[in-house]
Structures are given as C-alpha cells and as structure tokens.
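First comes the structure, then the notes that go with it.
Please treat every number below as a calculation from the coordinates, not as lab data. All of these numbers come straight from a predicted model, not from anything done at the bench. Note that each Cβ is placed from the backbone with ideal geometry, even for glycine, and that neighbours are counted across all protein chains shown.
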Amino acid sequence: MPKHGIPEPAVRLIRALTRHGWFSSHSDGSERDTIGLMRSALGEPLAYVPILKGKAGEFSALEHVTPAVRSSIRPVMELVPDPDVRDVLETFCDRAMDAVPQGTVLTVDSGALPSAQVLAGDAGGPMARLSESLGLRGVAMSPVVRHTDKDEVLAEAARAINAHQHGACLRVSVTADSPPCFPNHSQIRGLLGVLRLEPEQVDLLKRLRHRPVQR
C-alpha cells in the first residue's frame, strides 16, 4: 500500500482513464470526502465536483455561483426517480436551460431512472431524450456511465457523446470496508470501444461510501 493510502492498481487505473481525475463525494455522514487525498496522490491541482440532485434549489445554487467558483467546479446533476419519467426529463431540461451558466458542461447522471423507452412507441430511453432536449436548449452535457450499464444504455450514451462532444464520466462506487470494485482492463477497453472515446476523454467519478456503524 503506498503512503497516500490508495492501492497502486487504483492509481494506475485512474491515470489510465483520465488526465483530469475528477473525484467527488457527498458529506452527508455516510461518505467521506476524499478529493484532496486522491488529487494530492496524483500530484494534480484540486478541483471540486459537487454531486447535486436535479431539483429547483440545486439548479438555483448553480445559477448564482460566482465566476471564480464556476471555473473550479464540474457539477454532476443526478435525476431524481419519479413515476412520470417524461415529466422528470422535461422539467430537468427546462431548469438546466434557465440555470446552467453559459459555457458550463453539465455532467448528467440518469442512472436512477429506468432505462426503458420514455414513451410508448418512441425509440430512446432517458439518456437519448436528455441529449436531444438539452441540445435543443443549448446546454452542453457529458453523460455519466457505469461499467455495469446495459448495452442499450451505453449505446445511448455513445450517441449523446457524439452529439455533444464533451466526453463522458465513468462513475464507480466503493464501500470503505469492502474490496474495490473497479472495472478491470478488459472492461475498460470494451467500455471505451462502445463509447468511441480515448482514455483522456473520460472523467472518473469515485464515490467512497462508509457503512453506518451498528450500535
């Protein structure tokens, strides 16, 4: 184990995936913020990646950040599940159009939504609809993917990547007291092939969870 406490294979994987090494976590008590640790281990400057729910309050906060803060963050917006998926998508895109500062690339995570087509008879799930709707509204996006995503989800992400030209974000969750679940090299090569991306076009979002202490 190296001095910085990160397994060397994980460091090699991070370097292989992206030059930028974006990391993030919530501070809700169940997770620990490891941004500074990971970035210092890679010898790169600190950048903050806030993970926000795609609700009105979060979009309002993003809209009102100062230019200085805006230049040092890469926001990730999670879509909140709801029985009316179409309404969730349209509301999210309307809020993004109104609140996302010009020139900001919005990293969008629709992983909590069902991957089925949004409308009966309509080709395309949530990612396809988001890509089209955000594009029509002039909002640049980068899709969040997981190495466990279904083929049809990755295919939609590939089309979104091609449309927006801002790469993708690979999201990996790790529980502190469990073995790491990073994708292996074969999975990474396959993922990059499907997405038609080079490693430096993929941001890595690592989320560290701590299991609650049983008392």
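Protection proxy ranking for 154-160, 189-195, 63-69, using the average of other Cβ atoms within 10 Å per residue and placing the highest first: 154-160, 189-195, 63-69.
The alpha-carbon positions of segment 65-205 define a convex hull whose volume is 129 Å³ per residue.
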